[in-house]
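Trainee: Take this structure first; my questions come after.
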Amino acid sequence: MTATLLYEGKAKRVFETDKNDEVIISFKDDATAFNGLKKDSFTDKGRVNLAFTKYFFNLLESGGIKTHIISFIDEISLKAKKVSIVPLEVVVRNLAAGSLCKRLGFEKGMVMEPPLCEYYLKNDALNDPILCKEHIKYMNTVNEQELACIEEQALKINEILRAHMDSKNITLVDFKLEFGKTSTGEIILADEISPDTCRFWKKGTMESLDKDVYREGKGDLVDSYKVLADILGIKL
């Protein structure tokens, strides 16, 4: 029997299962940038991104971070807890890059110490505007304690990922996270972690091994992801 599609986003499809509290997430080969203004499809991209997500989520779970993942089904699909996605994109920045430099004129590569945690409204129609905590308060999607929990988890995730990438001679510049609420109200890490959602530079340089390769037309997207996979020892 064909599974019912519940939701289709830019990079993934979500399907129902025979259990109300579980879903299947399938990774697509599509790539987008600039809030969907630039769109393309790349052979193997979905498979590669799932491999990264498996690698990073396993790393985080070993560090005590709870995630939505139940199991990995095949090369492009995983089974996950069904969550209500909090409509916030949580961005943690260790170095200035991307929109931060464009908005504020910060020099690319400027060290952010302590790391900067930003929030953006997850809304394509509004171009994902940046939010302050006061805005979030009036949105009535998470309360003050829940937002504090999200920020605490995001910064802990940053500590784990940054230390791990440093050990591989890769600089974790910044990354985006999404969180979801379970049926019991617990807030856990959801979505994915891959070069689509992170900026990675070769240590001591600003050479990108992430989606900036696509955003800025600097080379082949999947090839650059595979270089990073080789460095991390991810088998594709």
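Trainee: What number of residues within region 61-93 satisfy the criterion of being within 20 Å of L147 (Cα to Cα) and not in a loop (DSSP other than H, G, I, E, B)?
Mentor: The number of residues fulfilling the criteria is 9.
Trainee: Scan L236, L177, L228, L172 and give me the residue that is modelled with pLDDT of 95 or more and not in a strand (DSSP E or B).
Mentor: L228 is the lone residue from the list that is modelled with pLDDT of 95 or more and not in a strand (DSSP E or B).
Trainee: Ok, one more. Considering region 51-98 alone, what residues qualify as being of a type outside the set (A, V, I, L, M, F, W, C), free of Cβ contacts under 8 Å to residues at least 60 places away in the same chain and either crowded, with 17+ Cβ neighbours inside 10 Å or more than 26 Å from I136 (Cβ to Cβ) (or both)?
Mentor: K54, N58, E61, S62, S71, D74, E75, S77
Trainee: For region 24-68, name all the residues that are closer than 17 Å to D191 by Cβ and among the aromatic types (F, W, Y).
Mentor: F27, F52, Y55, F56, F57, listed by residue number.
Trainee: Right, something else. Considering only region 56-79, state which residues are touching a Gly at 6+ places or on another chain (Cβ under 9 Å) and either aliphatic (A, V, I, L, M) or within 19 Å of L232 (Cα to Cα) (or both).
Mentor: E75, I76
Trainee: Can we say F106 is more than 28 Å from L147 (Cα to Cα) and in contact with a Leu (Cβ under 7 Å, 6 or more places away or on another chain)?
Mentor: Against the criterion (more than 28 Å from L147 (Cα to Cα) and in contact with a Leu (Cβ under 7 Å, 6 or more places away or on another chain)), F106 does not qualify.
Trainee: Just checking, does region 205-216 include any residue being in a helix (DSSP H, G or I), surrounded by 22 or more Cβ atoms within 10 Å (Cβ to Cβ) and not assigned by TED's automatic domain parsing to the domain that holds K108?
Mentor: No, region 205-216 has no match at all.
Trainee: Pull out all pairs, ordered by first then second residue, where Cβ-Cβ is under 6 Å, the residues are six or more apart or on different chains, the first lies in region 107-136 and is outside the structural domain of A190 (by TED's automatic domain parsing) and more than 18 Å from L177 (Cα to Cα), and the second is surrounded by 12 or more Cβ atoms within 10 Å (Cβ to Cβ) and not acidic (D, E).
Mentor: From residues that are outside the structural domain of A190 (by TED's automatic domain parsing) and more than 18 Å from L177 (Cα to Cα), there are no pairs.
Trainee: While we're here: Take residues that are more than 24 Å from A125 (Cβ to Cβ), without any contact (Cβ under 8 Å) to a residue 60 or more places away in the chain and of a type in the set (F, W, Y) and tell me which of the strands (runs of 3 or more DSSP E) falling wholly in region 1-43 contain 1 or more.
Mentor: Because the criterion is at least 1 residues that are more than 24 Å from A125 (Cβ to Cβ), without any contact (Cβ under 8 Å) to a residue 60 or more places away in the chain and of a type in the set (F, W, Y), the strands (runs of 3 or more DSSP E) in region 1-43 that meet it are 12-16.
The values are calculated or read from the model by the stated rules, or taken from the named source; none is laboratory data. This one's a predicted model, so the numbers in the text were calculated from it and none came from an experiment. Don't worry about glycine lacking a Cβ; one is built from the backbone with ideal geometry, like all the others, and counts go over all protein chains shown.
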